[in-house]
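Everything below concerns the one structure shown next.
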Amino acid sequence: MPPTVHPRLELVYQEVARKATKRGKSSGKWTNLESWPIVQHLDHMRTMDGYGYTKEIWFHQEIDGTSDEFMGLVRSYRWIDRALKAGATEAEIGLNALKSLSDEIIGPEGCAWIFGYRLVVGVRDL
């Protein structure tokens with residue numbers, strides 16, 4: 001997240017995600033949440049007993065989407081959703097600025113978005 005659309009949009013999104021993560025964590029409602037860094041996942045699997053084969057696969061998908069669809073996707077991101085549910089305002093975490101930029105860059109007519117994916121595969125028995 002986010003899909004690749006435009007560098008300016010991605011930079012503003014990263015700032016929104018940073019503010020929302022900080023706000024969501026400081027609310028105290030989600031104190032036991034952990035996330036596994038994907039960059040370490042394959043190495044972790046390789047150290048575990050039982051995996052006879054591990055591999056990482058990269059792929060991408062291109063779709064077209066509008067500004068409203070982009071903002072819907074952004075609002076569904078876990079820390080943004082949690083920050084809003086914890087009482088943060090859209091202005092406080094920067095969603096208003098991101099919406100304005102999304103309207104400018106993507107607009108109601110839409111444009112191509114590119115999603116990148118990493119798939120970590122582990123086979124226990126060969």
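Worth a mention:
- Angle of helix 67-76 to the longest C-alpha principal axis of the chain, folded into 0 to 90 degrees and rounded to 10: 50°.
- Between the Cα long axis of helix 95-105 and the first principal axis of the chain there is an angle of about 90°, rounded to the nearest 10.
- Dipole magnitude for the chain: about 680 debye, using +1 per Lys or Arg Cβ and -1 per Asp or Glu Cβ, origin at the Cα centre.
- Modelled label positions at R46 and A97, each set 7 Å beyond Cα in the direction of Cβ, lie 4.0 nm from each other.
- Highest average packing first - 92-101, 44-53, Cβ atoms within 10 Å: 92-101, 44-53
- Note on A86 and K22: the extension gain reaches 21.9 nm, defined as 0.36 nm multiplied by sequence separation minus the Cα-Cα distance.
- Relative contact order for the chain: 47 percent, from Cα pairs under 8 Å spaced at least 6 residues apart, divided by residue count.
- Under 20 Å of direct C-alpha separation, and excluding same-chain neighbours fewer than eight residues apart, K25 reaches these aspartates and glutamates: E15, E34, D81, E90, E92.
Computed from the coordinates by the stated procedures, all read-outs in this text should not be read as laboratory data. Everything numeric here is computed off the predicted structure, so don't read it as measured data. For neighbour counting, all protein chains shown are included, and Cβ atoms are generated from backbone atoms with ideal geometry for every residue, glycine included.
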